[in-house]
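Asker: The structure under discussion is supplied below as structure tokens; questions concerning it will follow.
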Amino acid sequence: MKPAIRMFFKTVRVVLGPFVLLGDRLIRPKGIVRPPAEQQAIDARTQHLALYHFPTCPFCLKTRRTIRRLSLKIETCDAKNEPAHRAALIAGGGKPQVPCLRITDANGEQTWLYDSNAVIAYLDREFGDTPAA
């Protein structure tokens, strides 16, 4: 990409970013209210998940809204402003694409799930409020 075009998009992100974050704060979804024991069980399952994101990325916002809607306690790792998180994302997942959900199983094996739609589908399937058919 040409430097002038890159600078243009960076300027747009810098100017629009705060408005995107404000809009996200104003229209946050309500979370699911679960019985305490059920919420504790879900919190225990989410301890092994981490979302790598950029704060103002629209796809990341969509994913974080799903996390809020499902009342999940998932670690968030800012891969835009924290070099250590970006390095971990690239080392583990192989690319700096966000959003990316790191899933660590009981054996310590990690799966890196890219793409907001795939992450949201996984979260809805594993933690959604609709009973399985």
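The values are calculated or read from the model by the stated rules, or taken from the named source; none is laboratory data. Bear in mind the structure is a predicted one, so any value in this text is a computation, not a measurement. All Cβ positions, even for glycine, are placed from backbone atoms using ideal geometry, and neighbour counts span all protein chains on display. The protein model used for the area step is the full one, side chains on, heavy atoms only, and it has no ligands, DNA or RNA in it. Shrake-Rupley method; radii C 1.70, N 1.55, O 1.52, S 1.80 Å.
Asker: Kindly indicate whether R64 is of a type in the set (D, E, K, R), in contact with a Pro (Cβ under 9 Å, 6 or more places away or on another chain), within 22 Å of G23 (Cα to Cα) and open to solvent by less than 50 Å² (accessible area, probe 1.4 Å).
Answerer: yes
Asker: With the checklist (1) in contact with a His (Cβ under 8 Å, 6 or more places away or on another chain); (2) surrounded by fewer than 16 Cβ atoms within 10 Å (Cβ to Cβ); (3) among the aliphatic types (A, V, I, L, M) in hand, flag the one item I90 doesn't pass.
Answerer: Result: I90 passes all but (1).
Asker: Picking from G108, G31, which residue would you name as being modelled with pLDDT under 95 and surrounded by 13 or more Cβ atoms within 10 Å (Cβ to Cβ)?
Answerer: After ruling out the rest, the residue left standing is G31.
Asker: Still on this structure, I have one more. Within the stretch 75-133, track down each residue that is touching a strand residue (DSSP E or B) at 6+ places or on another chain (Cβ under 9 Å), touching a residue at least 24 places away in the same chain (Cβ under 8 Å) and polar (S, T, N, Q).
Answerer: Selection gives T76, T104.
Asker: Can you confirm whether the stretch 46-63 contains a residue that is modelled with pLDDT of 95 or more, assigned to a helix (DSSP H, G or I) and over 15 Å from S116 (Cα atoms)?
Answerer: Within the stretch 46-63, one or more residues are modelled with pLDDT of 95 or more, assigned to a helix (DSSP H, G or I) and over 15 Å from S116 (Cα atoms).
Asker: Inside the stretch 64-121, can you point out the residues that are farther than 18 Å from H48 by Cβ and assigned to a loop (DSSP other than H, G, I, E, B)?
Answerer: Once the filter is applied, which keeps residues that are farther than 18 Å from H48 by Cβ and assigned to a loop (DSSP other than H, G, I, E, B), the stretch 64-121 yields A79, K80, N81, E82, G94, K95, P96, Q97, V98, D115.
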